[in-house]
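Undergrad: Have a look at the structure that comes next, please.
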Amino acid sequence: MAGNGAAVKVHIDNVVKKFDTRKGEMTALNGVNLDIHENEFVCVVGPSGCGKSTLLNIIGGLEEPTSGSVTVDGKPVEGPGPDRGIVFQQYALFPWLTVEENVKFGLKLQGKSKEECDEIANKYIKLVELQDFAKSYPKELSGGMKQRVAIARAYAVNPKVLLMDEPFGALDAQTRTQLQSELLETWEKEQKTCFFITHDVEEAIVLAQRVVIMYARPGRVKEVVDIDIPYPRTQETKMSPRFLELKNHIWSQVYQEYLSVRK
Ligand SMILES: Nc1ncnc2c1ncn2[C@@H]1O[C@H](COP(=O)(O)OP(=O)(O)OP(=O)(O)O)[C@@H](O)[C@H]1O
């Protein structure tokens, strides 16, 4: 299991991000420092607008920091790359491709043979339990199923780092709970470094080894909380006294930030 003893996978060094807006320059991130270790599951929580997605986009190479740097395995991030897979809240599937074709998309780009594409796609479609829907189009699937396809597609290309921006945010509570369990099972099997953004403190604690709490605008790391609850974690974990203690602590820290920016 990852921890502070594991190698640093993602090194975030004093990242500042400023945007030019109609109201002038706006600082979204103001000196973020964080190390994420090999195979570690880190969740990020913080009030709306504190820069969580901006930070994820910078790690993913979709945005450039104004100053500071991000390295993955010691190499500076200079754009998107196959070492980092991203799952967004809104599925981002290709509507004209079937489930199978969506999952194979990145594999084809990697130049894999047809046999390899078939084998890998089948493995991950099975992992997310969508075998019966391999030939279906996204419009024929529920929200939870679409998100499973997005997760299978991200896993299929075997990125070292999975970046997940509120992937379950648009789902109902039951589907969300189910996908949390499935994601944990997959993470325990596949061992990847996960950077997962959520608004849901319970979700963060059930998934993560460490929860990063962000300050409200401009975003910085306020506190990093070790989640000292052993895996496998289940929905029953949410009833344990330690879980409730951590939940109260994290929730009150996030709430303080929410109050600090409320007009
Ligand atoms: N491309 C952009 N141009 C201008 N401002 C931006 C841009 N992207 C983000 N911002 C601003 O940067 C700040 C941080 O946004 P970001 O989406 O990273 O926050 P967040 O914590 O992910 O919010 P939420 O929880 O609501 O998704 C916000 O004030 C947002 O308006």
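The values are calculated or read from the model by the stated rules, or taken from the named source; none is laboratory data. Predicted model only: the values in this text are computed from it and were never measured. Backbone-built Cβ (ideal geometry, glycine too); neighbour counts: all protein chains shown. Ligands, DNA and RNA are stripped out before the accessible areas are found, and what is left, the full protein with its side chains, is counted by its heavy atoms. Shrake-Rupley method; radii C 1.70, N 1.55, O 1.52, S 1.80 Å.
Undergrad: Within segment 223-263, how many residues turn out to be aromatic (Phe, Trp, Tyr), over 14 Å from Ala204 (Cβ atoms) and open to solvent by less than 80 Å² (accessible area, probe 1.4 Å)?
TA: Total satisfying the criteria: 1.
Undergrad: Does any residue in segment 18-37 that is farther than 30 Å from Ala6 by Cβ and of a type outside the set (A, V, I, L, M, F, W, C) come within less than 7 Å, Cβ to Cβ, of a residue that is outside any strand (DSSP E or B) and within 9 Å of the ligand (Cβ to nearest atom) six or more places away or on a different chain, and which pairs are these?
TA: Thr27/Pro218
Undergrad: Looking only at residues that are charged (D, E, K, R) and free of Cβ contacts under 8 Å to residues at least 24 places away in the same chain in segment 79-122, which one is surrounded by the fewest Cβ atoms within 10 Å (Cβ to Cβ)? Show your work before the answer.
TA: Residues of segment 79-122 charged (D, E, K, R): 83-84, 100-101, 104, 108, 112, 114-116, 118-119.
With the extra rule that they be free of Cβ contacts under 8 Å to residues at least 24 places away in the same chain, the set shrinks to 101, 108, 112, 114-116, 118-119.
Working: Glu101: 17, Lys108: 13, Lys112: 18, Lys114: 10, Glu115: 8, Glu116: 14, Asp118: 14, Glu119: 12.
The qualifying residue surrounded by the fewest Cβ atoms within 10 Å (Cβ to Cβ) is Glu115.
Undergrad: Ok, one more. So is Ile213 touching a Leu at 6+ places or on another chain (Cβ under 7 Å) and surrounded by 19 or more Cβ atoms within 10 Å (Cβ to Cβ) or not?
TA: No.
Undergrad: Where residues in segment 25-56 are within 15 Å of the ligand (Cβ to nearest atom) and open to solvent by 30 Å² or more (accessible area, probe 1.4 Å), which of them is farthest from His249 (Cα to Cα)?
TA: Glu25
Undergrad: Have a look at Ile213, Ile151 and point out the one that is within 27 Å of Val8 (Cβ to Cβ) and in the same structural domain as Val44 (by the TED database).
TA: Values: Ile151 fails: in the same structural domain as Val44 (by the TED database).
Testing whether each residue is within 27 Å of Val8 (Cβ to Cβ) and in the same structural domain as Val44 (by the TED database) leaves just Ile213.
Undergrad: Can you name the number of the only condition in (1) away from the ligand (no atom under 16 Å from the Cβ); (2) surrounded by fewer than 17 Cβ atoms within 10 Å (Cβ to Cβ) that Asp20 fails?
TA: (1)
Undergrad: From the list Gln191, Gln131, which residue is open to solvent by 20 Å² or more (accessible area, probe 1.4 Å), free of Cβ contacts under 8 Å to residues at least 12 places away in the same chain and polar (S, T, N, Q)? Show your work before the answer.
TA: Details: Gln191 fails: free of Cβ contacts under 8 Å to residues at least 12 places away in the same chain.
When all the criteria are applied, what remains is Gln131.
Undergrad: May I ask you to say which residue of Gln191, Gln235 is away from the ligand (no atom under 15 Å from the Cβ) and at positive phi?
TA: Checking each option against the conditions leaves just Gln191.
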